[in-house]
Amino acid sequence: MSLSETNSLSINNVLESVSIISSMICYDNTPDCRFGAFYASRAPRISIKDFVERILTYSKIDKATFIIMMVYLDRAKDQLEFTYLNIHRLILGSLIAAIKYCNDDLYPNTYYARIGGINLEELNLIEINFCALLGFDFYVDRETYDKYEEVCYRK
């Protein structure tokens, strides 16, 4: 999928979004056993900023999918606290959910697992658990979409 000029993601959008994500992080790294699939045994070496840039570069998602991804992340934070042990996997889970909700032309999960630096089995577990975390409710109404677009893109 190629990105049009008006639909592309800029580095400023990524940095703004990373700032938003980082502000959600709780510093208590105690795993919530209800959501074990999201917790790494140790914090990944890659920064949140670099991770977000990596997944956006290689997944080639468009602006709309990115905004939906941010909506899903925000919904997830209502269910569990974001920590340095789970944030990368939650970002990946929201990416997969948004891509599969918004697009018909998809790469296989093995591709996204490589982007995320995990194996296929872990990605599949993250995907199903993230969908369950959202209550399998992927719909985003226009008002919510517009609100997140405003925050992510500072019109």
Check: In the range 75-145, which chymotrypsin sites (Phe, Trp or Tyr not before Pro) are in a loop and have at most 16 other Cβ atoms within 10 Å, using DSSP for the loop call?
Finding: Tyr84, Phe136, Phe138, Tyr139
Item checked: Normalised convex hull volume, the range 70-155, alpha-carbon set, Å³ per residue -> 113 Å³
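We did not get these values from a lab; they are worked out from the coordinates using the rules stated. As the structure is a prediction and not an experimental result, all values here were calculated from the model. Quick reminder, even Gly has a Cβ in these numbers, built from the backbone with ideal geometry, and neighbours come from all protein chains shown.
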